[in-house]
2 protein chains.
Amino acid sequence: MTINLNNLLNSISKNSKIGDFQDLEHIDGLSISSISANLYSKKRDDVVMFYFRNGANHASVYTQSKLVSENIKWNLKINKKRIKALLINTRNANAFTGKNGFKGLKILAENLSQMLTEKQKIDEEKPEKILPNEILFACTGTIGEAFPTEKIKSSIPELIENIKYNQNKYIWVKAAMGILTTDLKPKLAMEECYIGNKLIRIYGIAKGSGMIYPNMATTLGFIFTDANISSTILKQLLKQNIQKTFNAISCDGDTSTNDMVSIFATGEASNSSISSIKDKKLKLFNSSLFNVLLNLAKRVAADGEGASKFITVKVKNCKTEQDAKKVSFSIANSPLVKTAIAGEDPNWGRIIMAIGKADVNLNPNKISIKLGHISIIENGKLLPSYNEYEAADYMKSEKIDLIINLNLGKKDFTSYTMDLTKKYVEINSDYRT
Amino acid sequence: MTINLNNLLNSISKNSKIGDFQDLEHIDGLSISSISANLYSKKRDDVVMFYFRNGANHASVYTQSKLVSENIKWNLKINKKRIKALLINTRNANAFTGKNGFKGLKILAENLSQMLTEKQKIDEEKPEKILPNEILFACTGTIGEAFPTEKIKSSIPELIENIKYNQNKYIWVKAAMGILTTDLKPKLAMEECYIGNKLIRIYGIAKGSGMIYPNMATTLGFIFTDANISSTILKQLLKQNIQKTFNAISCDGDTSTNDMVSIFATGEASNSSISSIKDKKLKLFNSSLFNVLLNLAKRVAADGEGASKFITVKVKNCKTEQDAKKVSFSIANSPLVKTAIAGEDPNWGRIIMAIGKADVNLNPNKISIKLGHISIIENGKLLPSYNEYEAADYMKSEKIDLIINLNLGKKDFTSYTMDLTKKYVEINSDYRT
């Protein structure tokens with residue numbers, strides 16, 4: 001990588017539509033390696049490994065697509081709660097690649113586990129044998145192209161050589177950049193909290209950009225913590241917190257064959273054991289995990305393909321959360337709403353259209369709509385005080401908040417998206433060429 | 001109108017992605033008037049009246065949006081089977097305009113019915129009194145702006161003055177252009193058939209362009225026939241034939257508050273009476289009506305905002321028609337599929353993605369995909385004979401056929417859409433400015 005990371009970090013921090021960039025440091029028990037296996041025509045990091053030298057408890061949620069990638073099939077097949085490494089490649093989704101795609105992963109798992117076992121013999125006091133079924137895979141990129149098994153396999157020695165046992169912000173950003181496809185910015189987030197008297201770190205990276213629409217995990221997201229928490233509880237925590245974070249974002253309404261969000265816990269913080277998800281000691285961890293997931297999810301939406309604006313669609317006071325979610329995504333997925341916002345046009349008529357088509361029972365005379373602080377509709381009526389020039393001025397901001405109140409109940413849902421620009425079309429017309 | 005209609009007709013015929021342009025002539029019992037009420041800043045026809053001097057049987061299907069326009073509320077309220085006139089305006093959707101929007105239509109209906117009654121006294125041997133509740137309304141344009149009642153009302157004398165009792169192709173094209181918004185081309189279609197020994201004409205016009213997604217009627221479509229068929233049977237025929245025509249098109253997945261498709265039958269062909277929809281005499285009429293609706297629906301999709309290509313998505317051999325429809329629209333509504341087609345990229349991986357996210361049970365090993373005549377996937381496997389250069393060449397055509405075979409049953413569904421271009425974003429970012 002020839003990019004100046006300091007400049008990059010500064011520019012990310014300055015340009016971020018969703019707040020400052022955070023510095024990630026070290027998580028005990030985790031090692032990182034990012035290299036180029038020459039999967040792109042232009043040289044860039046495209047294979048990233050997260051290596052847990054003593055293992056890590058693990059839980060994942062996957063895409064709800066009926067056609068899932070071969071790596072998701074692999075992960076579901078090994079069905080391991082304790083993992084030794086996560087290998088991520090970009091450029092090739094390993095989806096619809098058939099038996100050869102799956103076989104490629106088996107070859108890589110065998111090779112990587114063997115070489116990591118060799119490394120354990122050199123580096124560890126009590127070396128452990130690493131098994132192929134302790135390797136997890138994440139893939140992202142083009143669907144349907146033959147999986148580049150040989151290229152990745154021949155890069156494994158370099159990958160092993162580059163393992164960093166201690167991380168700093170540069171290593172994290174390098175890894176976060178190594179998993180990107182058409183994303184413009186690396187996505188990192190962190191929180192610290194206590195479990196009992198032990199300080200716990202929760203770090204995460206993500207990639208997104210296209211094919212972003214909920215339905216369980218959306219895009220790739222990886223969370224790492226030094227907390228000592230069982231895989232079963234990690235799974236419950238992940239499922240619970242994914243709903244209003246990664247499942248609340250949409251860039252284009254398309255759902256990938258490869259989406260996954262995973263959490264890995266090395267246990268090195270040695271907090272006292274947690275017996276169930278209801279354990280009071282988990283309260284802070286739970287809310288911190290939510291914050292990391294939401295932070296990453298927002299970064300994915302803000303960096304959606306071609307995005308010029310970050311949009312929050314808050315739908316309030318519905319009869320059910322399902323209703324609120326339907327209305328919220330009907331707006332967040334509407335090309336007409338999203339192009340109007342790209343054009344900085346406070347075209348609230350299109351919001352009305354999107355509410356109407358959401359297939360939710362509503363009372364038109366109770367609807368209220370706000371654009372940030374500006375009230376437009378109250379009780380189904382356009383306010384005489386509404387000033388379109390003021391609204392047009394608000395539309396110039398980089399962050400647009402749409403607040404819709406149905407006034408029919410007590411349930412809310414907030415989704416996050418971005419505007420639809422010519423750049424989106426450009427990126428996706430040219431993707432493979 | 002300063003446009004040279006002959007040139008226009010020629011250019012429509014030459015540029016049409018879906019076959020030749022047809023010449024519509026006269027339908028007994030129908031009169032047409034198109035004028036400008038100055039609803040646009042630039043002078044163009046924006047108010048069109050279809051006048052049935054002796055009345056017409058009528059049936060309509062409307063948008064499934066939960067927020068419908070005031071004119072649809074009016075039409076549902078008067079609930080008249082026999083209609084004297086249909087008044088269409090563009091520029092203003094009369095949606096979310098509240099009581100004033102509805103009141104505006106009442107004023108127009110009173111005024112227009114009174115002036116038509118006066119005209120009957122002059123022109124007809126047996127003049128009839130025309131009532132306000134015999135006037136049907138269709139509106140299209142911006143949502144949420146105050147309805148321009150006064151402007152339209154003051155144009156009614158000119159509208160009456162311009163009534164043409166005999167139509168030719170120019171009058172039809174003028175009317176079809178008078179109902180357009182961002183459409184580029186007027187949309188007209190016709191069929192002739194027999195009921196018994198009587199020749200029957202079925203003519204239609206439509207508008208579309210944005211907010212095109214099924215859910216009952218989509219966009220505006222108006223069918224006129226001289227057949228003698230009751231309103232009840234017209235309704236059954238319309239509902240039956242709308243499913244695979246207007247409900248099979250999508251431009252952007254957005255559903256308007258104003259969608260309606262109507263059929264009007266003057267009865268002047270004096271065919272022998274039809275007792276039920278099962279009457280064998282209706283067979284030819286039924287298939288001709290289907291053809292007119294499909295022809296118009298395709299023209300709407302082909303002229304979708306920013307369209308450079310017309311796309312047919314044929315999904316075959318599913319367990320249920322609902323499954324076929326879900327898969328078909330998942331592809332037709334996918335921004336990633338549609339941008340790939342805009343970029344002339346045979347990116348079949350995105351078709352796989354869209355099939356996967358459709359939430360339909362499928363067997364990946366049975367899926368076949370064809371791009372026109374080119375087989376890509378058979379039984380879930382990429383064909384060794386597949387040649388991407390040949391496919392890339394096919395993608396240059398203006399008509400793209402995607403054929404997906406799930407090989408799980410006997411049910412099919414075909415949807416029609418267009419590609420997603422930068423032009424779409426441009427049109428919709430600039431719509432109101």
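The values are calculated or read from the model by the stated rules, or taken from the named source; none is laboratory data. Quick caveat, the model's predicted, so the values are computed rather than measured. Positions of Cβ are backbone-derived with ideal geometry, glycine not excepted, and every protein chain shown enters the neighbour counts.
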**OP:** Mind listing just one residue for me: the one in region B:404-433 that is touching a residue at least 60 places away in the same chain (Cβ under 8 Å), among the charged types (D, E, K, R) and within 14 Å of chain A (Cβ to nearest Cβ) and, of those, nearest to B:Leu371 (Cα to Cα)?
**Re:** B:Asp419
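Return a yes/no flag: does region B:41-53 have any residue that is small (Gly, Ala, Ser) and either in contact with a strand residue (DSSP E or B) (Cβ under 8 Å, 6 or more places away or on another chain) or crowded, with 24+ Cβ neighbours inside 10 Å (or both). Give the derivation first.
Keep residues of region B:41-53 that are small (Gly, Ala, Ser), which gives B:41.
Cutting the leftovers down to either in contact with a strand residue (DSSP E or B) (Cβ under 8 Å, 6 or more places away or on another chain) or crowded, with 24+ Cβ neighbours inside 10 Å (or both) gives us none.
No, there is no match, as no residue in region B:41-53 is small (Gly, Ala, Ser) and either in contact with a strand residue (DSSP E or B) (Cβ under 8 Å, 6 or more places away or on another chain) or crowded, with 24+ Cβ neighbours inside 10 Å (or both).
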Subject >> Selected residue (criterion: nearest to A:Ile341 (Cα to Cα)) from residues of region A:371-403 that are charged (D, E, K, R) and without any contact (Cβ under 8 Å) to a residue 24 or more places away in the chain >> reply: A:Asp393
**OP:** Kindly list, by first and then second residue, each pair from a residue in region B:138-150 that is on the phi > 0 side of the Ramachandran plot to a residue that is in a strand (DSSP E or B), limited to pairs with Cβ atoms under 6 Å and residues at least 6 apart or on different chains.
**Re:** B:Gly141/B:Asn92
Original post:
Which residues, taken from region B:138-155, are of a type in the set (Asp, Glu) and within 13 Å of another protein chain (Cβ to nearest Cβ)?
Top reply: B:Glu145
**OP:** Determine whether A:Glu390 is over 21 Å from B:Phe96 (Cβ atoms) and either of a type in the set (Asp, Glu) or within 14 Å of another protein chain (Cβ to nearest Cβ) (or both).
**Re:** no
**OP:** For A:Asp359, indicate whether it is within 11 Å of chain B (Cβ to nearest Cβ), touching a helix residue (DSSP H, G or I) at 6+ places or on another chain (Cβ under 9 Å) and not aliphatic (A, V, I, L, M).
**Re:** yes
**OP:** Search region B:323-349 for residues being more than 7 Å from every other protein chain (Cβ to nearest Cβ) and touching a Gly at 6+ places or on another chain (Cβ under 9 Å), and hand back the single one that is modelled with the lowest pLDDT.
**Re:** B:Asn333
**OP:** Give, as residue ranges, the strands (runs of 3 or more DSSP E) completely inside region A:121-234 that count at least 3 residues that are under 25 Å from A:Asn79 (Cα atoms).
**Re:** A:135-139, A:198-207, A:220-225
Original post:
Residue check: is A:Thr181 crowded, with 24+ Cβ neighbours inside 10 Å and within 14 Å of another protein chain (Cβ to nearest Cβ)?
Top reply: no
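Which one is farthest from the other protein chains (Cβ to nearest Cβ) among residues in region A:363-384 that are in a loop (DSSP other than H, G, I, E, B) and surrounded by fewer than 21 Cβ atoms within 10 Å (Cβ to Cβ)?
A:His373
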Original post:
Within region B:191-207, how many residues turn out to be small (Gly, Ala, Ser) and on the phi < 0 side of the Ramachandran plot?
Top reply: 2
**OP:** Just one of (1) buried (at least 22 other Cβ atoms within 10 Å of the Cβ); (2) part of a helix (DSSP H, G or I) trips up A:Thr417, so point out which.
**Re:** (2)
Original post:
Quick one: in region B:74-93, which of the residues that are surrounded by fewer than 20 Cβ atoms within 10 Å (Cβ to Cβ) and under 27 Å from B:Glu158 (Cβ atoms) is farthest from the other protein chains (Cβ to nearest Cβ)?
Top reply: B:Arg82
**OP:** Would you be able to tell me the number of residues in region B:70-100 that are touching a Gly at 6+ places or on another chain (Cβ under 8 Å) and part of a loop (DSSP other than H, G, I, E, B)?
**Re:** 7
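Would a scan of region A:316-335 turn up a residue that is more than 21 Å from A:Ser250 (Cβ to Cβ) and in contact with a helix residue (DSSP H, G or I) (Cβ under 9 Å, 6 or more places away or on another chain)?
yes
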**OP:** For region B:53-71, enumerate the residues that are within 16 Å of the chain's Cα centre (by Cα) and within 14 Å of another protein chain (Cβ to nearest Cβ).
**Re:** B:Tyr62, B:Thr63, B:Gln64
Original post:
Looking at B:Ser397, is it away from chain A (no Cβ under 12 Å), among the hydroxyl-bearing types (Ser, Thr, Tyr) and in a loop (DSSP other than H, G, I, E, B)?
Top reply: yes
